[in-house]
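The values are calculated or read from the model by the stated rules, or taken from the named source; none is laboratory data. These numbers were taken from a predicted model, which means no experiment stands behind them. Cβ atoms come from the backbone with ideal geometry, glycine included; neighbour counts cover every protein chain shown.
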Amino acid sequence: MSQQQNPIQAEVKKNSTVARTLNAPSYWHEDPNEHQVLLNLLNREGFALEDAVYEILSTYRHELKLHRGDVFEGVPHRDNDRIEIDLWAQSGNFIFLLESKKSEYDWIFLQNQGTAKDVHIISGPEKTVSTRNRILNCVDCVSKQVVEVLPTDDKTALYRQTQNQKTKNIVLPVRSAREDLARSAIRQALFNLEILIHAQLLNDETWKGQSHRIFIPVIVTNAPLFSCTYDSSDIDSNADLTKIILKPISVAAFNHSEILRWGHQYENNLSHVGKPAFGMQFHDDDRFKDTHNKTVFVVSKNHLLSFIDKIKAMS
């Protein structure tokens, strides 16, 4: 005669069966802990920010034509690789290329104090835009460098350690150089803008009729943005900074000075508003005509609509 289980044994067996069931791969979706793991993974991908940016732009009070997930043929000098542009928008003569980048790191822009008014707007064909004074109304910082800093030390990160004879060691968590999200996002925005300009040149009949275009590459991020400044007196005898001043900002303009090799085809049809960085130009090679600084705007998500309003006020 088999021995019967008492109620306590039966409950233990039931709970262990439930635990085994929830831990089984096919039943992971019933486990709240696994739900949170999945959410954490998905949130790192950043597509939720793309959706949020699209919804924000959908509420814009003026006419704004949104183009989401368009696939374009690449430019010949980049092997004609097809590319998908997540989101671009057109309002009148303005074309906004929008790249959404989610980040756990604060983005700190080193203020380029020597070129505070040096913002480069790409426009064409054959017409410039007067931005010298008005563009500064919507830009908090013109930057020559961007650094990503993790504000808390409770996460795994690489650390940069500095040492001063008069102070203790200073440990600052920073993003790994191989994961330089901000800088790679800026380059991605410029290369995608090249693709968009290429498509406009080839396919837009109104462009061929000499209709003016103003191209605005924008990085939209959830990351807090800061402007970083310092004085010459803050540099010690070892040429190390001893003090910086950080100020929260909503919009930064990053002047990308690296030659992008867009080529003669585009530079002949486009003009740049801004003081050329003559030292970066190849005077003897016509393929690199006007490939000086190109400005990418970095905008905090909650300030996107006001930024678009102020940019459009340029025209």
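Assessment of segment 201-221 against the conditions (at pLDDT 90 or above, surrounded by 11 or more Cβ atoms within 10 Å (Cβ to Cβ) and more than 16 Å from residue 122 (Cβ to Cβ)) yields at least one matching residue. Counting only residues that are over 13 Å from residue 196 (Cβ atoms) and of a type in the set (Asp, Glu), segment 66-80 holds 1 of them.
Would you check which residues across segment 78-92 are surrounded by 15 or more Cβ atoms within 10 Å (Cβ to Cβ) and either of a type in the set (Gly, Ala, Ser) or under 30 Å from residue 314 (Cα atoms) (or both) and list them? Residues satisfying the conditions are 85, 86, 87, 88, 89, 90, 91.
Output the number of residues of segment 1-57 satisfying the condition of being over 32 Å from the mean Cα position of the chain (by Cα) and modelled with pLDDT under 80. Matching residues across segment 1-57 total 29.
Take the residues of segment 100-120 that are touching a helix residue (DSSP H, G or I) at 6+ places or on another chain (Cβ under 8 Å) and not in a strand (DSSP E or B): which is modelled with the lowest pLDDT?
116
Whenever a residue of segment 85-113 is farther than 24 Å from residue 180 by Cα, its partners that are assigned to a strand (DSSP E or B) and hydroxyl-bearing (Ser, Thr, Tyr), lying with C-beta atoms within less than 9 angstrom and at least six residues away or across chains, give the pairs 93/123. Within segment 51-77, restricting attention to residues that are surrounded by 10 or more Cβ atoms within 10 Å (Cβ to Cβ) and without any contact (Cβ under 8 Å) to a residue 12 or more places away in the chain, which residue is nearest to residue 262 (Cα to Cα)? Of everything passing the filter in segment 51-77, 76 is nearest to residue 262 (Cα to Cα). Selection of segment 93-102 for residues being of a type in the set (S, T, N, Q) and buried (at least 18 other Cβ atoms within 10 Å of the Cβ) yields only 100.
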